[in-house]
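The values are calculated or read from the model by the stated rules, or taken from the named source; none is laboratory data. Because the structure is predicted, anything quoted here is derived from the model rather than measured. In this analysis, Cβ positions are derived from the backbone assuming ideal geometry, glycine residues included, and neighbour counts consider all displayed protein chains. Heavy atoms of the whole protein, side chains included, go into the accessibility calculation; ligands, DNA and RNA do not. Shrake-Rupley method; radii C 1.70, N 1.55, O 1.52, S 1.80 Å.
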Amino acid sequence: MKQEIIIAGFGGQGVLSMGKILAYGALMNDLEVTWMPSYGPEQRGGTANVTVVISDTRISSPIVDTYDVAVILNQQSLDKFEHSVKPGGLLIYDPYGIHRMPERKDIRIIEVKAMDATIEYGNAKSYNMILLGSLIKVDPIVSIDNVLKGLKKVLPERHHHLLPANEKAVKIGMELVNE
Amino acid sequence: MNQEVKLMKGNEAIAHAAIRYGVDGYFGYPITPQSEVLETLEAEMPWETTGMVVLQAESEIASINMVYGGAATGKAVMTSSSSPGISLMQEGISYLAASELPALIVNVMRGGPGLGTIHPSQSDYFQATKGGGHGDYHLIVLAPATVQEMADFVGLGFDLAFKYRTPAMILADGIVGQMMEKVVLPEPRPRRTEEEIARQCPWAATGHSHGRKPNVVTSLELDSALMEKNNERFQRTYREIEKNEVRYESYHTEDAEYLIVAFGTVARICLKAIEDARAEGIKVGLIRPITLWPFPYDAIAEASKTCKGILVTELNAGQMIEDVRLAVGRNMNVRHFGRMGGIVPNPSEILSALKKELIGE
(Lines give C-alpha, C1' and ligand atoms only; values in the text may rest on other atoms or scores of the structure.)
Protein backbone atom coordinates (compact mmCIF):
# COMPACT_ATOMS: atom_id res chain seq x y z
CA MET A 1 0.00 0.00 0.00
CA LYS A 2 1.38 3.36 -1.01
CA GLN A 3 -0.30 6.70 -1.67
CA GLU A 4 1.35 9.72 -3.22
CA ILE A 5 -0.70 12.80 -2.37
CA ILE A 6 -0.36 16.44 -3.39
CA ILE A 7 -2.22 19.27 -1.70
CA ALA A 8 -1.97 22.54 -3.63
CA GLY A 9 -3.46 26.00 -3.30
CA PHE A 10 -2.65 29.54 -2.22
CA GLY A 11 -0.15 30.31 0.51
CA GLY A 12 -2.17 30.99 3.66
CA GLN A 13 -4.93 28.46 2.92
CA GLY A 14 -3.37 26.00 5.32
CA VAL A 15 -2.03 23.66 2.65
CA LEU A 16 1.22 22.81 4.47
CA SER A 17 -0.57 22.40 7.83
CA MET A 18 -3.15 20.12 6.26
CA GLY A 19 -0.36 17.97 4.89
CA LYS A 20 1.35 18.00 8.26
CA ILE A 21 -1.75 16.82 10.13
CA LEU A 22 -2.27 14.11 7.50
CA ALA A 23 1.39 13.07 7.91
CA TYR A 24 1.03 12.91 11.71
CA GLY A 25 -2.16 10.91 11.23
CA ALA A 26 -0.17 8.42 9.13
CA LEU A 27 2.48 8.29 11.87
CA MET A 28 -0.28 7.43 14.37
CA ASN A 29 -1.47 4.71 11.95
CA ASP A 30 2.07 3.29 12.20
CA LEU A 31 2.79 3.95 8.51
CA GLU A 32 5.88 5.34 6.80
CA VAL A 33 5.49 8.94 5.70
CA THR A 34 7.37 11.77 3.99
CA TRP A 35 6.20 15.41 3.89
CA MET A 36 7.90 17.64 1.35
CA PRO A 37 6.79 21.28 1.14
CA SER A 38 7.32 23.84 -1.53
CA TYR A 39 9.17 26.36 0.59
CA GLY A 40 9.97 30.00 0.15
CA PRO A 41 8.26 33.29 -0.57
CA GLU A 42 5.05 31.56 -1.68
CA GLN A 43 4.23 31.24 2.02
CA ARG A 44 3.18 34.88 1.74
CA GLY A 45 0.87 34.59 -1.25
CA GLY A 46 1.24 32.80 -4.56
CA THR A 47 0.88 29.06 -4.82
CA ALA A 48 2.00 26.61 -2.17
CA ASN A 49 1.95 22.85 -2.27
CA VAL A 50 3.02 19.87 -0.25
CA THR A 51 3.69 16.28 -1.29
CA VAL A 52 2.81 13.64 1.30
CA VAL A 53 3.80 10.04 0.61
CA ILE A 54 2.23 7.44 2.90
CA SER A 55 3.26 3.79 2.67
CA ASP A 56 3.42 0.57 4.66
CA THR A 57 6.97 -0.02 3.37
CA ARG A 58 10.11 2.12 3.23
CA ILE A 59 9.61 5.19 1.02
CA SER A 60 12.29 5.78 -1.59
CA SER A 61 11.63 9.21 -3.06
CA PRO A 62 9.87 12.07 -1.28
CA ILE A 63 9.58 13.69 -4.73
CA VAL A 64 7.29 12.04 -7.28
CA ASP A 65 5.97 12.66 -10.81
CA THR A 66 2.41 11.53 -10.52
CA TYR A 67 -0.08 11.36 -7.71
CA ASP A 68 -2.72 8.93 -6.47
CA VAL A 69 -4.55 11.84 -4.89
CA ALA A 70 -4.57 15.58 -5.61
CA VAL A 71 -6.35 18.08 -3.38
CA ILE A 72 -6.67 21.26 -5.44
CA LEU A 73 -7.66 24.63 -4.01
CA ASN A 74 -7.06 27.15 -6.80
CA GLN A 75 -7.02 27.50 -10.57
CA GLN A 76 -3.23 27.62 -10.92
CA SER A 77 -2.87 24.36 -9.02
CA LEU A 78 -5.60 22.69 -11.06
CA ASP A 79 -3.85 23.74 -14.29
CA LYS A 80 -0.53 22.47 -12.93
CA PHE A 81 -1.53 19.17 -11.34
CA GLU A 82 -4.69 17.84 -13.03
CA HIS A 83 -2.60 15.97 -15.56
CA SER A 84 -0.27 14.57 -12.91
CA VAL A 85 -3.00 12.47 -11.31
CA LYS A 86 -2.46 8.78 -12.09
CA PRO A 87 -5.17 7.16 -14.25
CA GLY A 88 -7.77 5.82 -11.83
CA GLY A 89 -6.57 8.31 -9.21
CA LEU A 90 -8.55 10.83 -7.20
CA LEU A 91 -8.88 14.60 -7.61
CA ILE A 92 -10.64 16.59 -4.92
CA TYR A 93 -11.22 20.27 -5.65
CA ASP A 94 -12.98 23.25 -4.19
CA PRO A 95 -14.86 25.09 -6.98
CA TYR A 96 -14.50 28.41 -5.10
CA GLY A 97 -12.40 30.65 -7.33
CA ILE A 98 -12.07 28.01 -10.05
CA HIS A 99 -13.42 29.00 -13.47
CA ARG A 100 -12.20 26.05 -15.55
CA MET A 101 -13.48 22.80 -14.11
CA PRO A 102 -11.38 19.59 -14.22
CA GLU A 103 -11.76 17.70 -17.48
CA ARG A 104 -10.13 14.29 -16.95
CA LYS A 105 -12.41 11.32 -17.63
CA ASP A 106 -10.06 8.61 -16.38
CA ILE A 107 -9.89 9.73 -12.75
CA ARG A 108 -12.35 10.09 -9.91
CA ILE A 109 -13.25 13.76 -9.44
CA ILE A 110 -14.93 14.95 -6.25
CA GLU A 111 -16.13 18.50 -5.81
CA VAL A 112 -16.05 19.74 -2.21
CA LYS A 113 -17.55 23.16 -1.49
CA ALA A 114 -15.27 23.64 1.47
CA MET A 115 -15.12 27.44 1.24
CA ASP A 116 -18.91 27.70 1.34
CA ALA A 117 -18.97 25.31 4.30
CA THR A 118 -16.27 27.34 6.04
CA ILE A 119 -18.28 30.55 5.61
CA GLU A 120 -21.37 28.79 6.92
CA TYR A 121 -19.43 27.40 9.90
CA GLY A 122 -18.18 30.93 10.56
CA ASN A 123 -14.59 29.94 11.37
CA ALA A 124 -12.24 31.02 8.59
CA LYS A 125 -9.29 29.09 10.05
CA SER A 126 -11.13 25.77 9.80
CA TYR A 127 -10.97 25.66 5.96
CA ASN A 128 -8.12 23.16 5.72
CA MET A 129 -9.59 20.92 8.42
CA ILE A 130 -12.90 20.78 6.56
CA LEU A 131 -11.02 19.70 3.45
CA LEU A 132 -9.02 17.16 5.40
CA GLY A 133 -12.31 15.70 6.67
CA SER A 134 -13.54 15.37 3.09
CA LEU A 135 -10.25 13.79 2.01
CA ILE A 136 -10.22 11.08 4.67
CA LYS A 137 -13.89 10.34 3.98
CA VAL A 138 -13.22 9.68 0.29
CA ASP A 139 -9.75 8.20 0.82
CA PRO A 140 -9.67 6.57 4.27
CA ILE A 141 -5.90 6.13 4.34
CA VAL A 142 -5.84 7.61 7.83
CA SER A 143 -8.61 7.22 10.42
CA ILE A 144 -10.35 10.26 11.90
CA ASP A 145 -9.12 9.23 15.36
CA ASN A 146 -5.55 9.33 14.15
CA VAL A 147 -6.09 12.64 12.34
CA LEU A 148 -7.31 14.12 15.62
CA LYS A 149 -4.34 12.62 17.47
CA GLY A 150 -2.10 14.08 14.75
CA LEU A 151 -3.72 17.48 15.19
CA LYS A 152 -3.00 17.34 18.91
CA LYS A 153 0.68 16.77 18.08
CA VAL A 154 0.83 19.62 15.56
CA LEU A 155 -0.97 22.21 17.70
CA PRO A 156 1.14 23.75 20.47
CA GLU A 157 -0.43 23.08 23.89
CA ARG A 158 -1.47 26.70 24.31
CA HIS A 159 -3.83 26.18 21.36
CA HIS A 160 -5.33 22.91 22.57
CA HIS A 161 -8.59 24.71 23.44
CA LEU A 162 -9.11 24.88 19.65
CA LEU A 163 -9.20 21.07 19.30
CA PRO A 164 -13.01 20.71 19.60
CA ALA A 165 -13.60 23.36 16.91
CA ASN A 166 -11.18 21.55 14.60
CA GLU A 167 -12.77 18.18 15.29
CA LYS A 168 -16.12 19.72 14.37
CA ALA A 169 -14.57 21.06 11.14
CA VAL A 170 -13.24 17.60 10.20
CA LYS A 171 -16.73 16.17 10.75
CA ILE A 172 -18.33 18.93 8.65
CA GLY A 173 -15.88 18.02 5.88
CA MET A 174 -16.74 14.34 6.15
CA GLU A 175 -20.45 15.13 5.85
CA LEU A 176 -19.89 17.35 2.81
CA VAL A 177 -19.08 14.32 0.65
CA ASN A 178 -22.02 12.32 1.97
CA GLU A 179 -24.40 14.15 -0.28
CA MET B 1 14.87 2.73 26.29
CA ASN B 2 12.81 5.57 24.92
CA GLN B 3 12.38 4.64 21.24
CA GLU B 4 9.69 7.19 20.52
CA VAL B 5 9.22 7.75 16.80
CA LYS B 6 8.85 11.43 15.97
CA LEU B 7 7.98 13.29 12.79
CA MET B 8 10.21 16.27 12.05
CA LYS B 9 12.21 18.20 9.48
CA GLY B 10 15.83 17.31 8.86
CA ASN B 11 16.91 20.70 10.18
CA GLU B 12 14.94 20.16 13.38
CA ALA B 13 16.46 16.68 13.76
CA ILE B 14 19.96 18.20 13.66
CA ALA B 15 19.07 20.58 16.50
CA HIS B 16 17.51 17.88 18.68
CA ALA B 17 20.37 15.46 18.00
CA ALA B 18 22.91 18.14 18.97
CA ILE B 19 21.26 18.72 22.34
CA ARG B 20 21.02 14.98 23.00
CA TYR B 21 24.63 14.31 21.96
CA GLY B 22 25.78 16.74 24.64
CA VAL B 23 27.07 19.46 22.33
CA ASP B 24 28.60 22.34 24.31
CA GLY B 25 27.95 25.18 21.90
CA TYR B 26 26.18 26.18 18.69
CA PHE B 27 27.01 29.43 16.90
CA GLY B 28 25.14 30.39 13.75
CA TYR B 29 23.39 32.94 11.62
CA PRO B 30 20.02 32.37 9.92
CA ILE B 31 19.77 31.50 6.22
CA THR B 32 17.18 29.55 4.23
CA PRO B 33 16.93 26.54 3.87
CA GLN B 34 18.57 25.72 7.23
CA SER B 35 17.12 28.35 9.57
CA GLU B 36 15.14 25.75 11.53
CA VAL B 37 18.39 24.49 13.11
CA LEU B 38 18.88 27.73 15.04
CA GLU B 39 15.12 28.26 15.47
CA THR B 40 14.67 24.82 17.02
CA LEU B 41 17.66 25.26 19.33
CA GLU B 42 16.29 28.59 20.53
CA ALA B 43 12.83 27.10 21.07
CA GLU B 44 14.28 24.14 23.01
CA MET B 45 16.40 26.44 25.24
CA PRO B 46 19.04 23.79 26.03
CA TRP B 47 21.02 26.31 28.10
CA GLU B 48 18.43 25.67 30.79
CA THR B 49 18.74 21.88 30.65
CA THR B 50 22.13 20.63 29.43
CA GLY B 51 23.91 23.97 29.70
CA MET B 52 24.55 24.06 25.93
CA VAL B 53 25.32 27.54 24.63
CA VAL B 54 23.20 28.64 21.65
CA LEU B 55 24.22 31.94 20.13
CA GLN B 56 23.04 33.82 17.06
CA ALA B 57 26.21 35.57 16.03
CA GLU B 58 26.39 38.78 14.03
CA SER B 59 27.56 36.93 10.90
CA GLU B 60 28.75 33.60 9.54
CA ILE B 61 32.35 34.78 9.88
CA ALA B 62 31.82 35.46 13.56
CA SER B 63 30.07 32.08 13.94
CA ILE B 64 32.95 30.02 12.55
CA ASN B 65 35.49 31.92 14.63
CA MET B 66 33.42 31.31 17.76
CA VAL B 67 33.49 27.63 16.77
CA TYR B 68 37.29 27.90 16.50
CA GLY B 69 37.51 29.38 19.99
CA GLY B 70 35.23 26.76 21.52
CA ALA B 71 36.98 23.89 19.73
CA ALA B 72 40.39 25.11 20.95
CA THR B 73 39.22 24.48 24.52
CA GLY B 74 38.18 20.91 23.67
CA LYS B 75 34.45 21.67 23.68
CA ALA B 76 32.06 19.99 21.23
CA VAL B 77 30.98 22.96 19.13
CA MET B 78 29.17 23.37 15.84
CA THR B 79 27.66 25.74 13.34
CA SER B 80 25.25 25.42 10.47
CA SER B 81 24.49 27.50 7.41
CA SER B 82 23.66 27.26 3.73
CA SER B 83 25.91 27.69 0.72
CA PRO B 84 26.62 31.48 0.68
CA GLY B 85 27.12 31.41 4.45
CA ILE B 86 29.47 28.44 4.20
CA SER B 87 31.54 30.36 1.63
CA LEU B 88 31.98 33.13 4.21
CA MET B 89 33.25 30.53 6.71
CA GLN B 90 35.99 29.05 4.53
CA GLU B 91 38.88 30.95 6.12
CA GLY B 92 37.82 29.76 9.57
CA ILE B 93 37.38 26.19 8.36
CA SER B 94 40.91 26.16 6.95
CA TYR B 95 42.19 27.46 10.31
CA LEU B 96 40.27 24.72 12.16
CA ALA B 97 41.83 22.06 9.92
CA ALA B 98 45.32 23.53 10.28
CA SER B 99 44.98 23.79 14.07
CA GLU B 100 43.75 20.16 14.18
CA LEU B 101 40.52 21.12 15.91
CA PRO B 102 37.42 18.91 16.03
CA ALA B 103 34.18 20.68 15.11
CA LEU B 104 30.97 20.06 13.18
CA ILE B 105 29.84 22.26 10.30
CA VAL B 106 26.46 21.70 8.65
CA ASN B 107 25.81 22.94 5.11
CA VAL B 108 22.20 22.62 3.91
CA MET B 109 22.93 23.49 0.31
CA ARG B 110 20.93 25.91 -1.86
CA GLY B 111 21.27 26.80 -5.50
CA GLY B 112 24.25 28.95 -6.42
CA PRO B 113 26.59 30.43 -7.40
CA GLY B 114 26.40 33.76 -5.59
CA LEU B 115 23.35 34.42 -3.46
CA GLY B 116 21.49 32.14 -5.90
CA THR B 117 18.15 30.68 -4.85
CA ILE B 118 16.79 29.23 -1.63
CA HIS B 119 15.92 25.93 -3.30
CA PRO B 120 17.80 22.61 -3.03
CA SER B 121 21.19 22.05 -4.62
CA GLN B 122 24.34 19.94 -4.36
CA SER B 123 26.65 22.41 -6.02
CA ASP B 124 29.02 22.73 -3.05
CA TYR B 125 30.46 19.23 -3.57
CA PHE B 126 33.80 20.54 -4.82
CA GLN B 127 33.98 23.10 -2.02
CA ALA B 128 33.25 20.50 0.66
CA THR B 129 35.37 17.61 -0.60
CA LYS B 130 38.35 19.30 -2.21
CA GLY B 131 39.02 21.87 0.50
CA GLY B 132 36.94 25.03 0.18
CA GLY B 133 39.49 27.14 2.01
CA HIS B 134 43.20 27.51 1.29
CA GLY B 135 45.88 24.94 1.94
CA ASP B 136 46.14 21.16 1.76
CA TYR B 137 43.34 19.93 3.99
CA HIS B 138 40.25 17.75 3.96
CA LEU B 139 37.04 17.70 5.93
CA ILE B 140 35.29 14.46 6.73
CA VAL B 141 32.13 14.97 4.67
CA LEU B 142 28.91 13.09 5.48
CA ALA B 143 25.96 13.23 3.06
CA PRO B 144 22.61 12.38 4.69
CA ALA B 145 19.68 11.12 2.59
CA THR B 146 17.06 10.81 5.33
CA VAL B 147 15.93 12.78 8.35
CA GLN B 148 17.17 9.84 10.43
CA GLU B 149 20.65 10.32 8.99
CA MET B 150 20.47 14.07 9.69
CA ALA B 151 20.03 13.11 13.36
CA ASP B 152 22.56 10.24 13.35
CA PHE B 153 25.33 12.13 11.55
CA VAL B 154 25.53 14.78 14.27
CA GLY B 155 26.89 12.16 16.67
CA LEU B 156 28.91 10.40 13.97
CA GLY B 157 30.38 13.71 12.79
CA PHE B 158 31.51 14.68 16.28
CA ASP B 159 32.84 11.18 17.03
CA LEU B 160 34.97 11.22 13.88
CA ALA B 161 36.04 14.85 14.40
CA PHE B 162 37.33 14.07 17.91
CA LYS B 163 38.85 10.74 16.89
CA TYR B 164 40.96 12.33 14.15
CA ARG B 165 41.14 15.92 15.48
CA THR B 166 39.77 17.38 12.28
CA PRO B 167 36.58 19.26 11.40
CA ALA B 168 33.68 17.26 9.95
CA MET B 169 30.90 18.51 7.72
CA ILE B 170 27.34 17.34 7.17
CA LEU B 171 26.68 18.18 3.52
CA ALA B 172 22.91 18.07 3.13
CA ASP B 173 20.63 19.39 0.41
CA GLY B 174 17.65 21.67 0.96
CA ILE B 175 15.29 18.73 0.44
CA VAL B 176 16.35 16.73 3.48
CA GLY B 177 16.62 19.95 5.49
CA GLN B 178 13.01 20.92 4.74
CA MET B 179 11.22 17.58 4.48
CA MET B 180 9.63 15.79 7.41
CA GLU B 181 9.78 12.08 8.04
CA LYS B 182 10.01 9.64 10.89
CA VAL B 183 13.03 9.77 13.14
CA VAL B 184 14.21 8.09 16.32
CA LEU B 185 16.45 10.53 18.15
CA PRO B 186 19.61 9.33 19.93
CA GLU B 187 19.49 8.70 23.67
CA PRO B 188 20.29 11.88 25.57
CA ARG B 189 23.64 11.91 27.31
CA PRO B 190 25.18 14.56 29.55
CA ARG B 191 27.78 17.01 28.31
CA ARG B 192 31.35 16.03 29.23
CA THR B 193 32.72 17.46 32.48
CA GLU B 194 35.78 19.74 32.44
CA GLU B 195 37.84 16.80 33.76
CA GLU B 196 36.60 14.51 31.00
CA ILE B 197 37.43 17.14 28.38
CA ALA B 198 40.93 17.61 29.81
CA ARG B 199 41.46 13.82 29.70
CA GLN B 200 40.03 13.38 26.19
CA CYS B 201 41.77 16.46 24.76
CA PRO B 202 45.25 16.78 26.30
CA TRP B 203 46.06 19.25 23.49
CA ALA B 204 43.25 21.67 24.39
CA ALA B 205 43.58 25.10 25.97
CA THR B 206 41.91 24.12 29.25
CA GLY B 207 44.09 26.10 31.67
CA HIS B 208 47.39 24.83 33.09
CA SER B 209 47.31 25.36 36.85
CA HIS B 210 48.75 21.87 37.39
CA GLY B 211 52.18 22.74 36.07
CA ARG B 212 51.96 21.20 32.60
CA LYS B 213 53.47 22.95 29.60
CA PRO B 214 51.01 25.48 28.09
CA ASN B 215 49.04 24.17 25.11
CA VAL B 216 49.23 26.54 22.17
CA VAL B 217 46.50 26.20 19.55
CA THR B 218 47.48 27.93 16.34
CA SER B 219 47.63 27.44 12.59
CA LEU B 220 50.67 29.72 12.25
CA GLU B 221 54.15 28.22 11.89
CA LEU B 222 56.70 30.56 10.34
CA ASP B 223 59.44 27.92 10.22
CA SER B 224 58.77 26.20 6.90
CA ALA B 225 60.61 23.04 7.91
CA LEU B 226 58.21 22.68 10.85
CA MET B 227 55.24 23.66 8.72
CA GLU B 228 56.09 20.89 6.29
CA LYS B 229 56.22 18.45 9.24
CA ASN B 230 52.77 19.71 10.28
CA ASN B 231 51.49 19.08 6.76
CA GLU B 232 52.96 15.58 6.77
CA ARG B 233 51.14 14.89 10.02
CA PHE B 234 47.84 16.16 8.53
CA GLN B 235 48.35 13.93 5.50
CA ARG B 236 49.02 10.88 7.68
CA THR B 237 45.71 11.57 9.43
CA TYR B 238 43.93 11.85 6.07
CA ARG B 239 45.40 8.51 4.93
CA GLU B 240 44.13 6.90 8.18
CA ILE B 241 40.66 8.37 7.58
CA GLU B 242 40.69 7.09 3.99
CA LYS B 243 41.62 3.63 5.27
CA ASN B 244 39.03 3.44 8.06
CA GLU B 245 36.06 5.66 7.40
CA VAL B 246 34.70 5.12 3.89
CA ARG B 247 30.94 4.66 4.07
CA TYR B 248 28.42 3.98 1.30
CA GLU B 249 25.22 2.13 0.62
CA SER B 250 24.44 0.00 -2.43
CA TYR B 251 21.12 -1.18 -3.83
CA HIS B 252 20.48 -3.82 -6.48
CA THR B 253 24.13 -3.85 -7.62
CA GLU B 254 24.43 -7.68 -7.67
CA ASP B 255 22.92 -8.14 -11.15
CA ALA B 256 23.19 -4.54 -12.38
CA GLU B 257 24.02 -3.84 -16.02
CA TYR B 258 23.90 -0.12 -15.39
CA LEU B 259 24.86 1.84 -12.31
CA ILE B 260 23.61 5.14 -10.93
CA VAL B 261 25.84 6.99 -8.46
CA ALA B 262 24.09 9.70 -6.46
CA PHE B 263 24.33 11.16 -2.96
CA GLY B 264 21.93 12.74 -0.48
CA THR B 265 18.23 12.95 -1.22
CA VAL B 266 18.89 12.67 -4.95
CA ALA B 267 19.89 9.04 -4.37
CA ARG B 268 16.35 8.41 -3.13
CA ILE B 269 14.79 9.98 -6.22
CA CYS B 270 17.14 7.78 -8.26
CA LEU B 271 16.02 4.74 -6.28
CA LYS B 272 12.44 5.33 -7.37
CA ALA B 273 13.66 5.71 -10.97
CA ILE B 274 15.50 2.39 -10.52
CA GLU B 275 12.33 0.69 -9.23
CA ASP B 276 10.52 1.95 -12.34
CA ALA B 277 13.41 0.87 -14.62
CA ARG B 278 13.45 -2.62 -13.13
CA ALA B 279 9.69 -2.87 -13.68
CA GLU B 280 10.56 -2.35 -17.38
CA GLY B 281 13.27 -5.02 -17.21
CA ILE B 282 16.27 -2.65 -17.15
CA LYS B 283 18.78 -3.90 -14.58
CA VAL B 284 20.03 -0.80 -12.78
CA GLY B 285 21.82 -0.55 -9.44
CA LEU B 286 22.67 2.35 -7.18
CA ILE B 287 25.67 3.32 -5.14
CA ARG B 288 25.10 6.11 -2.65
CA PRO B 289 28.33 7.48 -1.18
CA ILE B 290 27.65 8.39 2.46
CA THR B 291 31.12 9.78 3.06
CA LEU B 292 31.89 12.11 0.15
CA TRP B 293 35.35 12.42 1.60
CA PRO B 294 36.78 9.86 2.00
CA PHE B 295 35.14 8.78 -1.28
CA PRO B 296 34.17 5.12 -1.90
CA TYR B 297 36.42 4.70 -4.96
CA ASP B 298 36.90 0.94 -4.45
CA ALA B 299 33.20 0.18 -4.00
CA ILE B 300 32.31 1.98 -7.22
CA ALA B 301 35.15 0.29 -9.13
CA GLU B 302 33.97 -3.10 -7.86
CA ALA B 303 30.28 -2.51 -8.64
CA SER B 304 31.09 -1.20 -12.13
CA LYS B 305 32.86 -4.42 -13.18
CA THR B 306 29.66 -6.00 -14.49
CA CYS B 307 28.23 -2.71 -15.83
CA LYS B 308 28.02 -1.23 -19.31
CA GLY B 309 27.72 2.35 -18.11
CA ILE B 310 27.35 4.68 -15.15
CA LEU B 311 25.03 7.66 -14.76
CA VAL B 312 26.07 10.16 -12.10
CA THR B 313 23.05 12.18 -11.00
CA GLU B 314 23.55 15.37 -9.02
CA LEU B 315 21.95 18.75 -8.37
CA ASN B 316 24.86 20.47 -10.09
CA ALA B 317 26.66 20.70 -13.43
CA GLY B 318 28.87 17.66 -12.76
CA GLN B 319 31.09 17.57 -9.67
CA MET B 320 31.05 14.11 -8.05
CA ILE B 321 31.34 12.67 -11.56
CA GLU B 322 35.07 13.54 -11.42
CA ASP B 323 35.55 11.19 -8.47
CA VAL B 324 33.47 8.48 -10.15
CA ARG B 325 35.70 8.77 -13.25
CA LEU B 326 38.78 8.47 -11.03
CA ALA B 327 37.27 5.33 -9.52
CA VAL B 328 36.56 3.49 -12.77
CA GLY B 329 39.15 4.75 -15.25
CA ARG B 330 38.74 5.91 -18.83
CA ASN B 331 37.28 2.77 -20.39
CA MET B 332 33.95 2.99 -18.63
CA ASN B 333 31.12 5.05 -20.13
CA VAL B 334 30.42 7.58 -17.37
CA ARG B 335 27.71 10.15 -18.07
CA HIS B 336 26.14 12.92 -16.06
CA PHE B 337 22.59 14.06 -15.42
CA GLY B 338 22.06 17.15 -13.32
CA ARG B 339 19.66 19.97 -12.64
CA MET B 340 20.93 23.29 -11.36
CA GLY B 341 19.94 26.46 -9.59
CA GLY B 342 17.44 24.90 -7.19
CA ILE B 343 15.54 22.66 -9.62
CA VAL B 344 15.01 19.07 -8.43
CA PRO B 345 14.42 16.39 -11.06
CA ASN B 346 11.61 13.90 -10.63
CA PRO B 347 12.06 10.13 -11.04
CA SER B 348 10.85 9.99 -14.65
CA GLU B 349 13.40 12.62 -15.74
CA ILE B 350 16.16 10.47 -14.25
CA LEU B 351 14.83 7.34 -15.93
CA SER B 352 14.70 9.20 -19.28
CA ALA B 353 18.26 10.43 -18.77
CA LEU B 354 19.40 6.87 -18.01
CA LYS B 355 17.84 5.58 -21.21
CA LYS B 356 19.15 8.46 -23.32
CA GLU B 357 22.69 8.57 -21.94
CA LEU B 358 23.44 4.89 -21.39
CA ILE B 359 21.03 2.75 -23.38
CA GLY B 360 20.74 5.03 -26.41
CA GLU B 361 16.94 5.17 -26.44
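General observations
- B:Gln235, sole failed condition from (1) assigned to a helix (DSSP H, G or I); (2) in contact with an Asp or Glu (Cβ under 8 Å, 6 or more places away or on another chain); (3) within 14 Å of chain A (Cβ to nearest Cβ): (3)
- Condition met for A:Ile54 (within 14 Å of chain B (Cβ to nearest Cβ) and either in contact with a helix residue (DSSP H, G or I) (Cβ under 6 Å, 6 or more places away or on another chain) or on the phi > 0 side of the Ramachandran plot (or both)): yes
- Test: residue in the stretch B:103-111 that is over 15 Å from the mean Cα position of the chain (by Cα), touching a residue at least 24 places away in the same chain (Cβ under 8 Å) and away from chain A (no Cβ under 14 Å): no
- For the criterion of being within 14 Å of chain A (Cβ to nearest Cβ), open to solvent by 70 Å² or more (accessible area, probe 1.4 Å) and not charged (D, E, K, R), B:Ile343 passes.
- Of all residues in the stretch A:1-40, those satisfying the criterion of being open to solvent by 30 Å² or more (accessible area, probe 1.4 Å) and of a type outside the set (Ser, Thr, Tyr) are A:Met1, A:Lys2, A:Gln3, A:Phe10, A:Gly12, A:Gln13, A:Leu16, A:Lys20, A:Met28, A:Asn29, A:Asp30, A:Glu32.
- Flag set for A:Ala70, criterion: at pLDDT 95 or above and of a type outside the set (Lys, Arg).
- Total residues in the stretch B:273-309, condition touching a residue at least 60 places away in the same chain (Cβ under 8 Å), within 14 Å of chain A (Cβ to nearest Cβ) and surrounded by 24 or more Cβ atoms within 10 Å (Cβ to Cβ): 2
- Assessment of the stretch B:84-98 against the conditions (in contact with a Leu (Cβ under 6 Å, 6 or more places away or on another chain) and at pLDDT 95 or above) yields at least one matching residue.
- In the stretch B:105-148, residue farthest from B:Ile86 (Cα to Cα) [restricted to those that are charged (D, E, K, R) and surrounded by 23 or more Cβ atoms within 10 Å (Cβ to Cβ)]: B:Arg110
- Residue in the stretch B:223-231 that is free of Cβ contacts under 8 Å to residues at least 24 places away in the same chain, part of a loop (DSSP other than H, G, I, E, B), under 20 Å from B:Tyr164 (Cβ atoms) and not assigned by TED's automatic domain parsing to the domain that holds B:Met169 present: no
- Counted residues, the stretch B:175-204 - those being modelled with pLDDT under 95 and either of a type in the set (Gly, Ala, Ser) or assigned to a strand (DSSP E or B) (or both): 1
- Checking B:Ser348 against (1) over 14 Å from B:Leu259 (Cβ atoms); (2) more than 14 Å from chain A (Cβ to nearest Cβ), the condition it does not meet: (2)
- Number of positions in the stretch B:323-340 that are modelled with pLDDT of 95 or more and either open to solvent by 60 Å² or more (accessible area, probe 1.4 Å) or closer than 14 Å to B:Ala273 by Cα (or both): 6
- Every residue from the stretch A:83-101 that is β-branched (Val, Ile, Thr) and within 9 Å of A:Glu111 (Cβ to Cβ): A:Ile92
- Hits in the stretch B:238-272 - residues which are open to solvent by 50 Å² or more (accessible area, probe 1.4 Å), in a loop (DSSP other than H, G, I, E, B) and away from chain A (no Cβ under 14 Å): B:Val246, B:Arg247, B:Glu254, B:Asp255, B:Glu257
- Residue within the stretch B:319-342 that is touching a residue at least 60 places away in the same chain (Cβ under 8 Å) and on the phi > 0 side of the Ramachandran plot present: yes
- Restricting attention to the stretch B:149-177, the residues being closer than 20 Å to B:Ser82 by Cα and either surrounded by 24 or more Cβ atoms within 10 Å (Cβ to Cβ) or within 14 Å of chain A (Cβ to nearest Cβ) (or both) number 17.
- Scanning the stretch B:250-272 for residues that are in contact (Cβ under 8 Å) with a residue 60 or more places away in the chain and either polar (S, T, N, Q) or touching a strand residue (DSSP E or B) at 6+ places or on another chain (Cβ under 7 Å) (or both) gives B:Tyr258, B:Ile260, B:Val261, B:Phe263, B:Gly264, B:Thr265, B:Val266, B:Ala267, B:Cys270.
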